[in-house]
């Protein structure tokens, strides 16, 4: 992945965090989706997006994001732990 693409994903993620802080969940979700489309294995993006979805009690969608992250980066133990924790939520 190019450095420019990674930098853009970080920028978009930061924007999503600002949206989330300002209680704009739809805009935050769009930003997180874009960041992950640029870099699917971006851990901070996965965690922020999963956090947003779990705050909204959208556990099935959060599990899908975590599962995609595990599939993208199977050796990332943090992704596996998030998926395990989400499996316990209803």
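Rule-based calculations on the coordinates, nothing more; no lab input. Note that the coordinates shown come from a computational prediction; the quantities given were computed from them, not determined experimentally. FYI the Cβ positions are ideal-geometry reconstructions off the backbone, even for glycines, and counts take in every protein chain you see.
Values computed for the structure shown
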| read-out | value |
| --- | --- |
| Filter result for residue 63 (surrounded by fewer than 15 Cβ atoms within 10 Å (Cβ to Cβ), on the phi < 0 side of the Ramachandran plot, in a helix (DSSP H, G or I) and in contact with a helix residue (DSSP H, G or I) (Cβ under 6 Å, 6 or more places away or on another chain)) | no |
| The range 81-90: number of residues that are surrounded by fewer than 16 Cβ atoms within 10 Å (Cβ to Cβ) and either in a helix (DSSP H, G or I) or at positive phi (or both) | 4 |
